[in-house]
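Below you'll find the structure, written out as structure tokens, and then a few comments.
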Amino acid sequence: MLKNALLLFAVFVFAVQCARIPRNNEKHRLDTDLLLELLRQKSDPCKSVPCQNNGLCIATLDNFRCICDSPYFGETCDGDPCTPNPCQNEGKCKHERGGFKCDCKSPFNGETCKLDPCSPNPCENDGRCELIGNIFNCTCKDPYYGNACELGPCAPNPCKNGGECEEDGENYKCICKSPFHGETCDQTPCEPNPCENDGKCSFTDEDDFVCQCKEPFSGENCEKGPCIPNPCKNGGNCTIFGNDTVCLCPSTYFGKYCEKDLCSKLPCKNGGKCTIDGNDFKCECKSPFKGEKCQEDPCSSNPCKNHGICKLDGNSYKCKCRPPYKGKRCENGKSKRKKYEFIKINFEI
């Protein structure tokens, strides 16, 4: 302000002196023109175009002010965001409205190309990152694997229903939230259904279960019933009939509980031994008996002739003959015959 005031004072003095010079004097015109030019130059500080890079110059009372075109800055808009080059690792700086943008050379990235694929380390779980060409490669520690070592016993979490996974060497262990259980917390007290015979399972407040059994079953797991345990013997099939049970027996067994078989009736005679043979029985006969049920002996066919009496003799037989017959089978001998005389009687009527 002081400098401008002094300048105005000098101009004023110069003007007063010039006023004494006749107006038709050539020197007067030259001095006047010089004064006006000085005044004009001093009154327009923007005439010299002080604002660079298309900056807009605005005169002020004592100087000028530059309004810079983006992205330039500074008192005279001489500041350039790309000077010096902010892009590292040979990145190329480009002007953008409001700033700059870096075109990075692979494999670098980031706002100023200072980041590479291994910075920060993309390999999880302490994996080691190394560049191979323009890409990174992770060397994973056991038991992790995957492109970024992101996979392992607990990644992704195998524990369901909010279960917490804990690593156990190369394996894992699930800490399950109540009421879930199982290796992966995928089961509840009712999974799988502990209630037998179509019983309905329900939760209890104690993280336990209770079974609602269908008639006629009972027990904690509906495991008890008329046929449980099976009362039928020898492979018999138990069925419920009303309030009672019925045993469906295999072909060679009978009785209420299939407890009897075909041999229980002692079908084999004369001390024969009965055995089950498929769907039937078989008799092993003692000598000299034979037949399906050991019912036949050497005397059964009455081998003694002429009314001889057959008696067993060890494994064979003997015939007790009536006189006058003899022989092994009483086949030898003559019978006493009475001679009858026939008298012819004629009746006359």
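Scanning the stretch 277-298 for any residue that is closer than 30 Å to ASP261 by Cβ, assigned to a loop (DSSP other than H, G, I, E, B), modelled with pLDDT of 90 or more and of a type in the set (A, V, I, L, M, F, W, C) turns up at least one such residue.
Quick check on my filter: what residues within the stretch 234-250 are among the β-branched types (Val, Ile, Thr) and either crowded, with 17+ Cβ neighbours inside 10 Å or in contact with a helix residue (DSSP H, G or I) (Cβ under 9 Å, 6 or more places away or on another chain) (or both)?
THR245
Selection of first residues in the stretch 132-145 that are more than 14 Å from PRO122 (Cα to Cα) and of second residues that are aromatic (Phe, Trp, Tyr) and loosely packed, with under 11 Cβ neighbours inside 10 Å, restricted to Cβ pairs under 8 Å at least 6 apart or on distinct chains, gives an empty result.
Of everything in the stretch 251-275, what is over 30 Å from LYS311 (Cα atoms) and buried (at least 16 other Cβ atoms within 10 Å of the Cβ)? Give them in sequence order. Within the stretch 251-275, THR252, TYR253, PHE254, TYR257, CYS258, GLU259, LYS260, ASP261, LEU262 meet the criteria. For PRO303, the conditions (1) within 30 Å of ASN197 (Cα to Cα); (2) touching a strand residue (DSSP E or B) at 6+ places or on another chain (Cβ under 8 Å); (3) surrounded by 13 or more Cβ atoms within 10 Å (Cβ to Cβ) are fulfilled apart from (1). State whether the residues of the stretch 172-189 include one that is surrounded by fewer than 17 Cβ atoms within 10 Å (Cβ to Cβ), over 30 Å from LYS141 (Cβ atoms) and touching a Phe, Trp or Tyr at 6+ places or on another chain (Cβ under 8 Å). Checked the stretch 172-189: at least one residue is surrounded by fewer than 17 Cβ atoms within 10 Å (Cβ to Cβ), over 30 Å from LYS141 (Cβ atoms) and touching a Phe, Trp or Tyr at 6+ places or on another chain (Cβ under 8 Å). Among the conditions (1) out of contact with any Leu (no Cβ under 8 Å at 6 or more places or on another chain); (2) surrounded by fewer than 18 Cβ atoms within 10 Å (Cβ to Cβ); (3) polar (S, T, N, Q), the only one that ASN197 does not satisfy is (2). So is GLU206 closer than 30 Å to GLY242 by Cβ, part of a loop (DSSP other than H, G, I, E, B) and free of Cβ contacts under 8 Å to residues at least 12 places away in the same chain or not? The answer is no for GLU206. When the residues of the stretch 229-264 are filtered to those that are over 26 Å from GLY278 (Cβ atoms) and touching a residue at least 24 places away in the same chain (Cβ under 8 Å), the one that is farthest from the chain's Cα centre (by Cα) is ASN243.
Note on the stretch 94-121: residues that are touching a residue at least 12 places away in the same chain (Cβ under 8 Å), of a type in the set (Lys, Arg) and part of a strand (DSSP E or B) total 1.
The values are calculated or read from the model by the stated rules, or taken from the named source; none is laboratory data. This structure is a prediction, so every number in the text was calculated from the model and none was measured. Heads up, the Cβs are rebuilt from the backbone with ideal geometry, glycines too, and the neighbour counts pull from every protein chain shown.
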